[in-house]
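As structure tokens, the structure follows; a few thoughts come after it.
The values are calculated or read from the model by the stated rules, or taken from the named source; none is laboratory data. Values in this document were obtained by computation on a predicted structure and should not be read as measured data. Cβ placement follows ideal geometry from the backbone for every residue including glycine, while neighbour counts extend to all protein chains displayed.
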Amino acid sequence: MSDEPRDEGFDDLLDAIADGEGFYVECANGHGSLPPRLACPQCGSQDLSEEPLPDSGEISTYTVVTVPTPQFEEDAPYVTAVVDFGPVSITGQVRGVDPEDVETGQVVGIGVGETVTREERLLVFEPR
Amino acid sequence: MSDPRVAGVGLTHFGKHPERTGRAMFAEAGLAALDDAGIDPDDVEALFYGNFMGELAEHQGHQAPLMAEAVGLDVPATRYESACASSGAAIRDAVFRLRSGEADVVLVGGSERMTNIGTAAATDALSIAADDLYEIRAGMTFPGAYALMARAYFEEYGGSTEDLAEIAVKNHEHALPNEYAQMQQAITAEDALDAPTIADPLGLYDSCPITDGATAAVLVSEEYAADHDLDTSVAVTGTGQGGDKMALHDRQYFARTPATEDAADEAYDDAGIGPDSVDFLEVHDCFTIAEVLALEGLGLYEPGEAIGAASRGETTREGDLPVNLSGGLKAKGHPVGATGVAQLISITKLLEERHPRAEDVEGATTALAHNAGGTVASATVHVLQEVEQ
Ligand SMILES: [Zn+2]
């Protein structure tokens, strides 16, 4: 992985989340988005700043994936969820809870984990 | 402004044909369309070609010139890639070219070879219609994305996997006499409900299969059809396209598809009709829940109402609004880049009463083709109508 070029913005966000300093991009009109951004995807504003990501969010929707792509072969079954942090929503995997016990509305925190199959970084959610 | 006519259509069998190259399949479909149109191939002025995963499945980019050549045409050719809506987008630009008067005869179509790379690689290839950084790297598969939408729908409006099963049963039943369909076999709701889960709450029978196939249609200007005395009674009278944020988590809704709503509004307006005029339609049912979202996005049902449409019999071939008489993507199959034109072909044959399900829509004059890409970050809608020759 160290030989791979970084993905500017995305890898910066994962580093920040791993350090407990997650952020999101906010425009002058208060729209949230995920980096890298030069313009707000909602309104086109180029007046952007990085704001602290709320440290917990609620599961909006989720699925238990049993048929994965090859890069998640040994990870399956796993839970992919969209979590609403208020200004932004983020997709990641729910860990630290039995897939059977995942529910919409559950409050989770965000962190950076590794996939089982290829030891690649990914965003993970754990119940708070 | 004149409405382009569908002069001829052609397609290959949809199914598992791993040995067939994209170019061979498109040649078969394209030549069949030219033959059906009965025009001089020298009159064709351009190819509008849809393909999604050619780089991954065939190590082949820049496919459009290859496909024109395969049909024996020496014309400018452009490939359209909008994930599963690739050939819907191709139709739209073909319509504009004809309407503008820049061309009188064009070939539009698509081809996709998928089964040669196996299920795991095809699942991976399909997933790239999503956002790589923020969705795929979190393990989101194509079925997984629609599963997220299905759960959001159930939570917001109600409905169940039993309702979804009835959609699968309907589309399989519709495909029974369709000799081009991948799955000409009836299933029961129990079959669907007992099938293995792919991405909860969606199971194997909620998903379209992985399909090889190609489609093509000759579209001509109204003037060309008249000058050449062509036997064309179907016109594309409306076109619309909508877009949305790429990643599901960046959308305002998880259980609605604004891109379809926008495409439909534009297409209805363009054709000068409303949803009430639609007699039957082909919608993009890559998953059973997608048919529900499409019917609501097209304004044919209120949000939350279409989930029970198949169960109530409204969208079956005996119902008031038959949906996916071809079998849909679910049973007919989904060679991704060929699907948009496949819908146009089914509708043309139904309106011209040369489709095995034509008797179910006798007297119908107006139909919709709805083609969607990814989790509906792209959508096209076309209105096809029977017109005076
Ligand atoms: Zn903004």
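A few comments on the model shown:
- Qualifying position, being part of a strand (DSSP E or B), more than 8 Å from every other protein chain (Cβ to nearest Cβ) and either more than 20 Å from B:Ser127 (Cα to Cα) or among the aliphatic types (A, V, I, L, M) (or both), among A:Ser49, A:Ser60: A:Ser49
- Unique match (being more than 13 Å from every other protein chain (Cβ to nearest Cβ) and either of a type in the set (Phe, Trp, Tyr) or more than 16 Å from the ligand (Cβ to nearest atom) (or both)) among A:Pro54, A:Pro68, A:Pro99: A:Pro54
Here's the yes/no breakdown for (1) crowded, with 23+ Cβ neighbours inside 10 Å; (2) under 22 Å from the mean Cα position of the chain (by Cα); (3) part of a helix (DSSP H, G or I):
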| position | (1), (2), (3) |
| --- | --- |
| B:Asp36 | no, yes, yes |
| B:Asp42 | no, no, yes |
| B:Ala64 | no, yes, yes |
| B:Ala68 | no, yes, yes |
| B:Ala90 | yes, yes, yes |
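- Figure legend. Inter-residue proximity from the stretch A:11-37: first residues away from every other protein chain (no Cβ under 14 Å) and part of a loop (DSSP other than H, G, I, E, B), second residues within 14 Å of the ligand (Cβ to nearest atom) and small (Gly, Ala, Ser), beta-carbon distance below 9 Å, spacing 6+ or different chains. Indicated pairs: A:Ala28/A:Ser45; A:Ala28/A:Ser49; A:Asn29/A:Ser45.
- Filtering A:Gln71, A:Gln93, A:Gln42 for residues that are crowded, with 16+ Cβ neighbours inside 10 Å and under 24 Å from B:Ala255 (Cα atoms) leaves a single hit, A:Gln93.
- Any hit, the stretch B:217-233, residues being over 30 Å from B:His172 (Cα atoms), aliphatic (A, V, I, L, M), surrounded by fewer than 24 Cβ atoms within 10 Å (Cβ to Cβ) and more than 14 Å from chain A (Cβ to nearest Cβ): yes
- With respect to the stated conditions, A:Gln46 fails to be more than 17 Å from B:Ala145 (Cα to Cα), touching a His at 6+ places or on another chain (Cβ under 6 Å) and within 16 Å of the ligand (Cβ to nearest atom).
- In the stretch B:198-216, the residue that is nearest to the other protein chains (Cβ to nearest Cβ) out of those that are in contact (Cβ under 8 Å) with a residue 24 or more places away in the chain and not in a strand (DSSP E or B) is B:Asp200.
- Cβ pairs under 7 Å, 6+ apart, first in the stretch B:91-116 and at pLDDT below 95, second surrounded by fewer than 20 Cβ atoms within 10 Å (Cβ to Cβ): none
- Considering only residues in the stretch A:74-90 that are at negative phi and within 16 Å of the ligand (Cβ to nearest atom), the one that is surrounded by the fewest Cβ atoms within 10 Å (Cβ to Cβ) turns out to be A:Pro87.
- Filtered residues of the stretch B:92-111 (kept if within 21 Å of the chain's Cα centre (by Cα) and of a type in the set (Ser, Thr, Tyr)): B:Ser111
- Subset of the stretch B:162-191 [exposed (fewer than 15 other Cβ atoms within 10 Å of the Cβ) and of a type in the set (S, T, N, Q)]: B:Gln185, B:Thr188
- Selection from the stretch B:92-107 of residues that are assigned to a strand (DSSP E or B) and in contact with a Ser or Thr (Cβ under 7 Å, 6 or more places away or on another chain): none
- Residue count for the stretch B:103-148, restricted to those that are facing another protein chain (nearest Cβ under 7 Å), touching a helix residue (DSSP H, G or I) at 6+ places or on another chain (Cβ under 6 Å) and under 22 Å from B:Thr211 (Cβ atoms): 4
- Residue among B:Ala192, B:Ala225 that alone is in contact (Cβ under 8 Å) with a residue 12 or more places away in the chain, part of a helix (DSSP H, G or I) and over 21 Å from B:Gly333 (Cα atoms): B:Ala225
- Pair list, Cβ under 7 Å, 6 or more apart: the stretch A:73-85 residue among the acidic types (Asp, Glu), other residue assigned to a strand (DSSP E or B): A:Asp84/A:Gly57; A:Asp84/A:Glu58; A:Asp84/A:Ser60
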